[in-house]
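**Q** Please read through the structure below; I'll follow up with questions.
The values are calculated or read from the model by the stated rules, or taken from the named source; none is laboratory data. This structure is a prediction, so every number in the text was calculated from the model and none was measured. For neighbour counting, all protein chains shown are included, and Cβ atoms are generated from backbone atoms with ideal geometry for every residue, glycine included.
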Amino acid sequence: MAGPTVNTRIRWHVDYYLTGEYWRFESLRQQKPSRLLYSLGRGRVKRGPSSLARPDPSAPRKWEYSSKLDVKSGNEGPYVIVYYTKTGGTEQNPITAFAIGYWGIREATVGTYTTISLMTIYTGTLEESMGLDPNAILGVWFSPVPPMDLISGNIQHHTNPQGIEVGWHEMYPGLDTPKEYTTVLTNAITTTDSKKYLVTDPFGTVYGSLPWGITADRFVMSADVGTNGAYLMLDLRNGQNTGLGEGRRIQLPLIAAPITSNELSSYVLSGQQQYDRTMAQIQQDQNMKSGVANAGTGAISGAIAGSMAAPGIGTVVGTVAGLATSLLGTYLGGEVQKEADNKSQKATETLMANQTANVIIGGGGANWYLNFGGAWNVVEMVRDSDSLAELSAEQSELGYVTDSYSNDCSSIVATGGGLRIEGLEVKGDIPPEGRAYIVALFARGVHLDLIQ
């Protein structure tokens, strides 16, 4: 009988890992640990479960906008913050101190007074509306939160150039404590490989981001105002944990508004105009009094002259004539001086009014509010769909990027999924080639589908 026309040579080897897992299964099923073929010891896990994950180094094709959360307090904002100097005390002991005026753009009234509009600021008439010397204003900014509650500050008011009483809240740095405002989020946010959170101003300028793996469930906000600028202090907290050093606290410069100045405004609002008028009046009064005193001297001179011409009756007539002449001269001189002072004052004011106005504090336009919504945001950005699908497939098949050393890798291997372990220690009664096979298997990476 003829033999086969084709011979097949089969080369095979023992799959030490699957063999070991079979014996492991049998040992657990029969509760006979002595049947274990091998066990795993220490090793460095380079790919593994999500619990050991590190930030994935792969960059997406692009980050895309997903959603945003407003950073604000109340519905009256954004808020105008004006930092200025204010003189008080007594005439003998005048005191100059810093003060902060503030109000909400959407706040219709402060007490019984009308608020100053956004357009008033951008038309350059804020200082006239508040009755402030432009040189006393140190800065004007817009903020998503006020420096204090709207009901906590003192109320100030002034009649604006249109004859309307406008008002604002006022606080004093150092005496009044700036307030923190907290917004608890409906859903906590966490930066991962697939999404990140950026902190932006109304223009979309990015000033910070929530670090990878950090969770925040609330925003804690405050306005920090000083002579060198004004800032929004934003804490992305998790519960009451401030997380100092974790990158949760972000400082954003507030948007500055321009302030104009002209010679007449400074002249009037600084008090110089009133001072000049008062000094002119004092000078007029002094001249009148000097004239009256000199009238007595004129009367005496008239009396002497009258006595020399006609003793007796001549003395009386000379006295009256001299007094009348001196008083009339004093009165006419005072009126002439008053008219001259008024004309001089008017000329001074006209000259100052004709001077070119200056911008003493620079700032941008109102686009941040009119066109960009006027909101400070925490923006959620996500990977584009293609990059996200690639990352998800990679993490599912190969495991998450890790770099973790473990003294006992058996529990990590027991989780299954994508794994790569370098320098894995294999222990037990197993041949050297079996140890080398399992070590090499995990070093190049495996995906374990566990069957329960």
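**Q** Which residues, counting only those in the stretch 165-188, are surrounded by 19 or more Cβ atoms within 10 Å (Cβ to Cβ) and not aromatic (Phe, Trp, Tyr)?
**A** Listed by number, the residues that qualify are Val166, Gly167, His169, Glu170, Met171.
**Q** Name, by its number, the condition in (1) within 30 Å of Asn228 (Cα to Cα); (2) modelled with pLDDT of 90 or more; (3) buried (at least 17 other Cβ atoms within 10 Å of the Cβ) that does not hold for Asn367.
**A** Every condition holds for Asn367 apart from (3).
**Q** Could you list, in sequence order, the residues of the stretch 151-164 that are in a loop (DSSP other than H, G, I, E, B), surrounded by fewer than 17 Cβ atoms within 10 Å (Cβ to Cβ) and in contact (Cβ under 8 Å) with a residue 24 or more places away in the chain?
**A** Those that are in a loop (DSSP other than H, G, I, E, B), surrounded by fewer than 17 Cβ atoms within 10 Å (Cβ to Cβ) and in contact (Cβ under 8 Å) with a residue 24 or more places away in the chain: Ser152, Pro161, Ile164.
**Q** Look at Tyr405 and say whether it is of a type in the set (Phe, Trp, Tyr) and surrounded by 15 or more Cβ atoms within 10 Å (Cβ to Cβ).
**A** no
**Q** Okay, next question. Quick one: which of Ile412, Ile438 is farther than 19 Å from Thr19 by Cβ and part of a helix (DSSP H, G or I)?
**A** Selected residue: Ile412, the only one of Ile412, Ile438 that is farther than 19 Å from Thr19 by Cβ and part of a helix (DSSP H, G or I).
**Q** Among what's in the stretch 107-144 and is of a type in the set (S, T, N, Q) and under 22 Å from Leu254 (Cα atoms), pick the residue that is modelled with the lowest pLDDT.
**A** The qualifying residue modelled with the lowest pLDDT is Asn135.
**Q** Give the residues of the stretch 181-214 that are part of a strand (DSSP E or B) and closer than 22 Å to Pro57 by Cβ, sorted by residue number.
**A** Across the stretch 181-214, the qualifying residues are Thr190, Thr191, Lys195, Lys196, Tyr197, Leu198, Val206, Gly208, Ser209, Trp212.
**Q** Against the condition modelled with pLDDT of 95 or more, under 33 Å from the mean Cα position of the chain (by Cα), of a type in the set (A, V, I, L, M) and surrounded by 12 or more Cβ atoms within 10 Å (Cβ to Cβ), how does Val45 come out, does it pass?
**A** Considered against the rule, which asks whether it is modelled with pLDDT of 95 or more, under 33 Å from the mean Cα position of the chain (by Cα), of a type in the set (A, V, I, L, M) and surrounded by 12 or more Cβ atoms within 10 Å (Cβ to Cβ), Val45 comes out as no.
**Q** Just name the residue that is nearest to Gly213 (Cα to Cα) out of those in the stretch 392-409 that are part of a helix (DSSP H, G or I) and either in contact with a helix residue (DSSP H, G or I) (Cβ under 9 Å, 6 or more places away or on another chain) or among the acidic types (Asp, Glu) (or both).
**A** Among them, the one singled out is Gln395.
**Q** Any residue that is among the aromatic types (Phe, Trp, Tyr), over 26 Å from Pro202 (Cβ atoms) and out of contact with any Asp or Glu (no Cβ under 9 Å at 6 or more places or on another chain) - is there at least one of those in the stretch 140-152?
**A** no
**Q** Return yes or no: is Pro178 modelled with pLDDT of 95 or more and not in a strand (DSSP E or B)?
**A** no
**Q** Please go through the stretch 177-211 and give me each residue that is more than 25 Å from Asp386 (Cβ to Cβ) and free of Cβ contacts under 8 Å to residues at least 40 places away in the same chain, ordered by number.
**A** If the condition is that a residue be more than 25 Å from Asp386 (Cβ to Cβ) and free of Cβ contacts under 8 Å to residues at least 40 places away in the same chain, then Thr177, Thr182, Val184, Thr186, Asn187, Thr205, Pro211 are the ones that fit.
**Q** Among (1) assigned to a loop (DSSP other than H, G, I, E, B); (2) touching a residue at least 60 places away in the same chain (Cβ under 8 Å), where does Met148 come up short?
**A** It fails just one condition, (2).
**Q** Residues in the stretch 395-402: is at least one of a type in the set (Gly, Ala, Ser), within 50 Å of the chain's Cα centre (by Cα) and within 24 Å of Pro55 (Cβ to Cβ)?
**A** Looking for residues that are of a type in the set (Gly, Ala, Ser), within 50 Å of the chain's Cα centre (by Cα) and within 24 Å of Pro55 (Cβ to Cβ), one finds at least one in the stretch 395-402, hence yes.
**Q** Only residues that are within 16 Å of Met171 (Cα to Cα) and out of contact with any helix residue (DSSP H, G or I) (no Cβ under 8 Å at 6 or more places or on another chain): list them for the stretch 96-130, please.
**A** Matches in the stretch 96-130: Thr96, Ala97, Phe98, Ala99, Ile100, Tyr102, Trp103, Gly104, Val110, Gly111, Met130.
**Q** Can you tell me which residue in the stretch 48-85 is surrounded by the most Cβ atoms within 10 Å (Cβ to Cβ), limited to those that are within 30 Å of Gly434 (Cβ to Cβ) and in contact with a Ser or Thr (Cβ under 6 Å, 6 or more places away or on another chain)?
**A** Ranking the candidates gives Gly48 first.
**Q** Checking Tyr231 against (1) closer than 30 Å to Ser385 by Cα; (2) crowded, with 16+ Cβ neighbours inside 10 Å: exactly one of these is not met. Which one?
**A** (1)
**Q** From Ala436, Ala389, which residue is assigned by TED's automatic domain parsing to the domain that holds Arg42, aliphatic (A, V, I, L, M) and under 42 Å from the mean Cα position of the chain (by Cα)?
**A** Exactly one residue qualifies, and that residue is Ala389.
**Q** Right, something else. Can you tell which of Leu424, Leu419 is assigned to a loop (DSSP other than H, G, I, E, B) and either in contact with a Gly (Cβ under 6 Å, 6 or more places away or on another chain) or buried (at least 18 other Cβ atoms within 10 Å of the Cβ) (or both)?
**A** From the options Leu424, Leu419, the qualifying one is Leu424.
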